[in-house]
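Trainee: The structure that follows is given in the form of structure tokens.
The values are calculated or read from the model by the stated rules, or taken from the named source; none is laboratory data. This is a predicted model, so every value here is computed, not measured. Cβ placement follows ideal geometry from the backbone for every residue including glycine, while neighbour counts extend to all protein chains displayed. In case anyone asks, the SASA skips ligands and DNA or RNA and just uses the protein heavy atoms, side chains included. Shrake-Rupley method; radii C 1.70, N 1.55, O 1.52, S 1.80 Å.
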Amino acid sequence: MSLHADLTSLASTLDQMLERVETAAGEVKGTDRDDLLGDLYEVERHLRSANRRLARTLRDMPKG
């Protein structure tokens with residue numbers, strides 16, 4: 001498998017992880033677990049940043 005294909009697969013996994021973190025945050029929102037909600041939002045922020053960086057990397061690298 002090529003590096004581009006591996007990184008594309010990783011980007012898909014990051015998308016799935018973001019969905020799961022968002023779901024978890026939705027379950028915690030409105031409860032007395034503001035500490036956990038803050039942590040989940042921080043994780044989400046870092047995953048989004050990683051996802052954007054990976055997307056730029058994929059866009060700029062040659063395929064093949």
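Trainee: Looking at the range 26-36, which of the residues that are assigned to a helix (DSSP H, G or I) and open to solvent by less than 80 Å² (accessible area, probe 1.4 Å) is nearest to Asp6 (Cα to Cα)?
Mentor: Gly26
Trainee: Given the residues Thr23, Thr8, which is the only one that is within 28 Å of Met61 (Cα to Cα), of a type in the set (Ser, Thr, Tyr), open to solvent by less than 90 Å² (accessible area, probe 1.4 Å) and not in a loop (DSSP other than H, G, I, E, B)?
Mentor: None of the other options fit; the residue is Thr8.
Trainee: If you don't mind, there's one more thing I want to ask. Suppose we filter the range 37-62 for residues that are of a type outside the set (Lys, Arg) and open to solvent by 90 Å² or more (accessible area, probe 1.4 Å); how many remain?
Mentor: Of the residues in that region, 5 qualify.
Trainee: Further, regarding this structure: Taking the conditions exactly as written (surrounded by fewer than 13 Cβ atoms within 10 Å (Cβ to Cβ) and part of a helix (DSSP H, G or I)), does Thr13 satisfy them or not?
Mentor: yes
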